[in-house]
Amino acid sequence: MAQSQQFSTPVDTVLHRMRALDARLPARDGVAVFNRVYLTVTEEVARRLEMGHFPDAEAAATLDVRFAQRFLTVAEAGPPPACWRPLLQFRRHPGVRPLQFALAGINAHIGHDLALAVVDTCRGLGCEPADLEDEFDRVGDLLVTLEEHIREDLMPGPDLLQIADPLTHLLGSWSLERAREATWSAARALWALRALPELAAETVHRLDSAVGLVGRMLLTPLPD
């Protein structure tokens, strides 16, 4: 209770946790690399909430917080789902480049966590996924824009744009836009399965495993 009184909004609370994480992790740590990217996204969401850019501010803020909490639970030493294990395993590997860490984190968070956050938000607000579609799309558009900046900022050099370079091959094998579309379908499916908990749990497990497999591919150590 005391902690919640220190911040004006729930989004401020998760921003505080991300900044604290950034302060204590080594800059080259893979979780730190993704956290810096995600902090930028969350700061922009907070700014747009304050400016009134979301039609339903309560829904957008709730989705943002439920979404962020899933990453922060993992980053703060909570039990990791399969989708986050590759990043935790390779977070200090010298052969993995910062861009790979950033994209692997985005893959885990968008591919798995976002679908569950949509379901959590619907339960909390008593709404349907369709009621969150505008907020989902606006956050997704922001993430797509940010991904473009990430690739520009973390790409080691123009020589790596050569088609034969392993990093170029890895980057071309994954798309945030496709991941975002699949996540929306997964969220709708999980919501439809809410009255069938065993089947819903199996679906989450398979989603988690599939996203983790993609993450492991994105974190393939590369030669200098």
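Read-outs throughout are calculated quantities, based only on the coordinates presented, and are distinct from any laboratory measurement. Keep in mind it's a predicted model, so treat the numbers as computed, not measured. Ideal geometry is used to build each Cβ from the backbone, glycine not excepted, and the neighbour counts take in all protein chains shown.
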Relative to the longest principal axis of the C-alpha atoms of the chain, give the angle of the C-alpha long axis of helix 98-108, reported between 0 and 90° and rounded to the nearest 10°. 30
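What's the longest uninterrupted piece of the chain once you rule out the trypsin sites (Lys or Arg not before Pro) that are loop residues per DSSP with at most 14 other Cβ within 10 Å? Let's see the in-between values first.
On the way: sites that count: 28, 92, 194.
By the stated rule (loop sites, at most 14 other Cβ atoms within 10 Å), 93-193.
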Between residue 28 and residue 128, how many nm apart are label points set 7 Å from Cα along the C-beta direction? 5.2
Projected area of the range 22-139, taken from the Cα convex hull and averaged over every viewing direction, in nm²? 7.4
Size of electric dipole in the chain: Cβ of Lys, Arg +1 and of Asp, Glu -1, about Cα centre, debye, nearest 20: 860
Given contacts defined as C-alpha pairs under 8 Å and at least six residues apart, what's the relative contact order of the chain, whole-number percent? 29
Quick one: length gained pulling residue 222 to residue 9 fully straight, 0.36 nm per residue minus the C-alpha distance? 72.5 nm
Between the helical axis of 176-192 and the dominant principal axis of the chain, each derived from Cα atoms, what acute angle in degrees is found, rounded to the nearest 10? 30
Taking the Cα centre of the range 4-218 as the origin and placing charges on Cβ (Lys, Arg +1; Asp, Glu -1), which of 211, 186, 142 is farthest toward the positive end of the dipole? 211
